[in-house]
Each structure stands twice: as C-alpha cells, then as structure tokens.
Amino acid sequence: MRLALAALAAALLPVGAQAADWPGFDYDTARSGSGPVATGITAANAGHLVRRKVQLDGTVDSAPIYLHGVTVGGSVHDVFFVTTTYGRTEAIDAATGSVLWRYVPATYAAYAGSPQITTMTPQADPSRTAIYAGEPDGRIVKLAVATGKLLWSTPITRDPTHEKLAGSINVSRGLVLAATDGYIGDAPPYQGHVVSLNATTGALVGVWNSLCSNRTGIIQPSTCGSSDSAMWGRSAPVVDPATGDLLLATGNGPWNGRTDWGDSVVVVSPDASHLLRHWTPWDEAQLNDDDQDLGSTAPALLTRGYFVQGGKDGKLRLLRLQTLPGVNAKRGGELQTISTPGGADLFSEPAVWQGTWIFLVDDAGTAAWRFAGGRLHPAWSNGNGGTSPVVAGGLVYVAGSGAIHVYVPTTGREVATLPIGEVHWQSPIVVDGRVAAAEGNSNDHSQNGVLDIYQ
C-alpha cells in the first residue's frame, strides 16, 4: 500500500521535478539554504507560476516546511506545515490550500494578541511521521504528521515572558535542538541558551548557557547576574555535518572569556552540553555599547571548514573552524572582513551553494561572492533588499521589496518576480514545482495571516 501511494504522489509531480521534502529552515541541518537540485521550476517558466493566497488564522513570521506524499487523515497529500506567532501549527494541503489539521496550544488564550510570540520555523523528524514546533509559552512540542496529535511537550525556559523562542528548530543525531532569545526592547532578565531534547521522549539532554555558562541546566534568568546575549539568528542552531557540533552566534551582552559570551560565535558540543571553541571580535564591547548584535544572524558554513559570520554592524567576516580558540579570553582572528550590501545591518541568513557561492541579502540589496583561494571574491550585486535567500533548482529566490525575486546564481540575471505582500522574517521554500512564503509582521500582534503558494 505504501509503495502504491508513493507511486501515485510521484505521478502528480510537475515535469522536471524530483519528489523531495523541505524539512526545516534553510533546507538542511547545516542551514545552507541550498535545496533540491531539480524543482520543475526553471528560468524559462518561473515567471508563469500562478499564485494562491491561503488565509491563515495567524501570522507566520517564519518559513514553512514541506513533506511530499505523506499520509494525513488517511490519504496522501503534499503538505506545507507552518507555525503562527501564537503557536498554532497547521498542516496545509499544497495542492488546494485547505487546512488538513490544526494544533492549538493549551495556553493559547493566555497570550494571543499580546507581545509574547514565537517566530520559530518548525522542523520535520527524519522519519517523516512527526514535526517539532515552538510555542510562546516556551515549549517545544512534537506533533504527529498524520493527525496533528500532541506526542510530547517540553519547556526550554523557566521564564517565557522574557525568553523568546525565535531561531529555528533543528534535529541531529536523534536530538531536537533549539535556542532562546529575548523580546523586542531587550527587557531583562534573560540569557541566550541552546538545548537538546531526546527526539523520542522529549526529555532534556543538554543545555549550554551563554551567560553564567559555568551553570548547567536551564536556569531561572533572574538568578544569573548577567543578562541578554540572545541567540536570535534565524538558522540557529547550525549543525556542522562533519562533526555534529553546533554553531551559534550571540547578541549584545557581557563577555569575559570565562562564563559570559556575548557578541561571539560559539561552537558547542553536539548534545549542547558544553562549549568547545569560540570567536569573539576585538570590538565586542563596542558592539554591545552600540547595539550592534553579532548574533542578528548565524554562522554559514563553506567548504573545508571555513564559515562566514555577519552582524548588525554591516560586516561579513570569513573564519575557519580549525583556528578558533578554545575556552579562553582570546579575541580576533578573522581572515577577511567585507561589507554587507550597502553596509546595512544583516538580519537574514546567507545561502551557500556548492560550498563556494555565498548569497547575502539585507535592506540595501542582494550580493553574491565566490569563495576561492581562502578569500571571498565579489561576483554580482543589485539594489533589491529582502530576507534570507535560498537556492533551489539552479535559481536563487529572495523575498522582499514587494516581490520574490528570482535570479540566475552565477550572474545575478533576474528571470522572474513573484508578487508578495509585506515580509519580515519570512523566507521562501522551493520544492516540487512550488514556491511558498508567508506574509506579515509578528510585531503587529495579528491573529490573521497569509501563506502564498505559487505553482
């Protein structure tokens, strides 16, 4: 029966597409932003996609995920999964736009319409039978793909009114990974921390606190003498596929090279239990004083252990994992520093294609670099701002400026623009002949929203 259902689903694919999933933010656990090689969408037909606007009962200020040919409610569907800012997670039929199931947190009424939100992108379990999602009450939940049934629920903060679930969920080595942030305005006390949960049971496995890092477990924020150091990059935590180590960047906060790690890149053990290495810029104190969070974006992995790290100071740094110091008070060591497009604050995540192409988007424009010979070399740029780019089917997609812009990755030639409304943290996904992205801004505290599906 399963083989017959899979064959039926494959028969419904558009010409040129290969059956594929988009299981989490930026496609893979390394958060490359580089998706399926064949999507059925090409430079020749991208401009002919037809838009369907799906009205939602909440704003999705994150990215959708997608599973191809899964059984929901007893029949096979291609399904988008989204989580709204107030924690409703919904399964949406990709072909019709109808809601197949809706999970509503038990605590929904306590914060709906308030500033207490989540902007987490959900993550599919590798088994394709469950997904993981975040709630404004500080919990990570596991939901059955077939029914939306709650399988487990685990809190990852002791103070959800100060510690926000913002970055995206990840899954690696049987562990569910998630990090915490603070709310807009940075009202203390809070501490950025990363956790791992047992994917089967939801039990807490490991915690690393970026402030008071000498303390283990999830701490009550008010009991730590330091505050802030949010982990708020959209793709945090990033998984190094070679080692399983976790990469994150922290925001404004104190730093002493011992127990406090504000404005730093940190490499944490695969189970999120302890710090392995770090990179802290020479001017970390100035970044903190000027509200120039390094952690406004997360590390992006390149080939051969190199990676790039941006920030609100409008800079992109090239670094190498093998040369990062251990747990000590060393600072500096970047290999190259270049400007973001227009020198603007970076809030989006870079996309990395083939390990050597880097695509970067901020409010001032879009730019591409080629990594070769241990250096970043400019390739092309334009003035179209937007959110986190993705690459799929040999094309680059960027949501922003009233449209999803579609480019040839090697030249920057624009081949299509797909109309879209206001975007904030949202970024598109591209799979199985479809492009999907949500609209809206979580800071509006709306209980309505739109998911755009182009096919």
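Figure legend. Inter-residue proximity from segment 49-77: first residues under 23 Å from Ala416 (Cα atoms), second residues assigned to a strand (DSSP E or B) and acidic (Asp, Glu), beta-carbon distance below 7 Å, spacing 6+ or different chains. Indicated pairs: Arg51/Asp452; Lys53/Asp452. Only residues that are within 17 Å of the chain's Cα centre (by Cα) and either farther than 23 Å from Arg31 by Cβ or assigned to a loop (DSSP other than H, G, I, E, B) (or both) were counted across segment 441-455, and they come to 1. Filter segment 130-169 for residues that are of a type in the set (Val, Ile, Thr) and either surrounded by fewer than 17 Cβ atoms within 10 Å (Cβ to Cβ) or within 19 Å of the chain's Cα centre (by Cα) (or both) and give the result. Result: Ile131, Ile140, Val141, Thr147, Ile156, Ile169. Might you let me know whether segment 251-263 holds any residue that is acidic (Asp, Glu), under 21 Å from Lys330 (Cα atoms) and either surrounded by 24 or more Cβ atoms within 10 Å (Cβ to Cβ) or in contact (Cβ under 8 Å) with a residue 24 or more places away in the chain (or both)? Scanning segment 251-263, I find at least one residue that is acidic (Asp, Glu), under 21 Å from Lys330 (Cα atoms) and either surrounded by 24 or more Cβ atoms within 10 Å (Cβ to Cβ) or in contact (Cβ under 8 Å) with a residue 24 or more places away in the chain (or both), so the answer is yes.
Annotation note: Cβ proximity below 7 Å between a residue of segment 440-455 that is among the aromatic types (Phe, Trp, Tyr) and a residue that is part of a strand (DSSP E or B) and surrounded by 17 or more Cβ atoms within 10 Å (Cβ to Cβ) (sequence gap 6+ or interchain) occurs for Tyr454/Leu418; Tyr454/Arg434; Tyr454/Val435. Checked against (1) in contact with a Phe, Trp or Tyr (Cβ under 8 Å, 6 or more places away or on another chain); (2) touching a residue at least 60 places away in the same chain (Cβ under 8 Å), Gly394 passes all but a single condition, namely (1). When Ser168 is tested against (1) part of a strand (DSSP E or B); (2) hydroxyl-bearing (Ser, Thr, Tyr); (3) in contact with a Ser or Thr (Cβ under 8 Å, 6 or more places away or on another chain), exactly one condition is not met: (1).
Take the conditions (1) in a strand (DSSP E or B); (2) under 30 Å from Gly449 (Cα atoms); Glu349 misses just one of them, which is (1).
Within segment 375-428, the residues that satisfy the criterion of being part of a loop (DSSP other than H, G, I, E, B), more than 17 Å from Glu349 (Cα to Cα) and of a type in the set (Val, Ile, Thr) are Val408, Thr410, Thr411, Ile420. For segment 359-374, a residue qualifies if it is part of a strand (DSSP E or B) and among the charged types (D, E, K, R), and the qualifying residues are Asp362, Arg370.
The residue of segment 97-127 that is surrounded by the most Cβ atoms within 10 Å (Cβ to Cβ), among those that are in contact with a His (Cβ under 9 Å, 6 or more places away or on another chain) and either of a type outside the set (A, V, I, L, M) or closer than 26 Å to Arg434 by Cβ (or both), is Thr119.
Of all residues in segment 6-16, none satisfies being modelled with pLDDT of 95 or more, hydrophobic (A, V, I, L, M, F, W, C) and part of a loop (DSSP other than H, G, I, E, B). Per this entry, Val308 is not counted among residues that are touching a His at 6+ places or on another chain (Cβ under 8 Å) and in contact (Cβ under 8 Å) with a residue 40 or more places away in the chain. Quick one: would you say Ile184 is at pLDDT below 95 and over 19 Å from Phe25 (Cα atoms)? Spelling it out, Ile184 is indeed at pLDDT below 95 and over 19 Å from Phe25 (Cα atoms). Suppose we filter segment 272-301 for residues that are buried (at least 21 other Cβ atoms within 10 Å of the Cβ) and either of a type in the set (D, E, K, R) or closer than 18 Å to Pro237 by Cα (or both); how many remain? The number of residues fulfilling the criteria is 14.
Residue count for segment 197-215, restricted to those that are in contact (Cβ under 8 Å) with a residue 40 or more places away in the chain, polar (S, T, N, Q) and either touching a helix residue (DSSP H, G or I) at 6+ places or on another chain (Cβ under 7 Å) or more than 23 Å from Gln116 (Cα to Cα) (or both): 3. Return the total of residues in segment 366-379 being in contact (Cβ under 8 Å) with a residue 24 or more places away in the chain, farther than 18 Å from Gly314 by Cα and among the hydrophobic types (A, V, I, L, M, F, W, C). Within segment 366-379, residues that are in contact (Cβ under 8 Å) with a residue 24 or more places away in the chain, farther than 18 Å from Gly314 by Cα and among the hydrophobic types (A, V, I, L, M, F, W, C) number 2.
For segment 40-76, the candidate set comprises residues that are in a strand (DSSP E or B) and of a type in the set (Gly, Ala, Ser); within that set, the residue that is surrounded by the fewest Cβ atoms within 10 Å (Cβ to Cβ) is Ser75.
A Cβ distance below 6 Å, combined with a sequence gap of six or more or placement on separate chains, defines the contacts here; from segment 271-297, residues that are more than 12 Å from Asp245 (Cβ to Cβ) reach residues that are surrounded by fewer than 17 Cβ atoms within 10 Å (Cβ to Cβ) in the pairs Trp282/Gly332. In segment 223-241, the qualifying residues are those that are over 19 Å from Ser273 (Cβ atoms) and not polar (S, T, N, Q), and the one that is nearest to the chain's Cα centre (by Cα) is Arg234.
Of a type in the set (Ser, Thr, Tyr), modelled with pLDDT of 95 or more and surrounded by fewer than 23 Cβ atoms within 10 Å (Cβ to Cβ), is that true of Ser32? Judged against the criteria, Ser32 is not a match.
The values are calculated or read from the model by the stated rules, or taken from the named source; none is laboratory data. Note that the structure is a prediction, hence the values are computed from the model and not measured. Ideal geometry is used to build each Cβ from the backbone, glycine not excepted, and the neighbour counts take in all protein chains shown.
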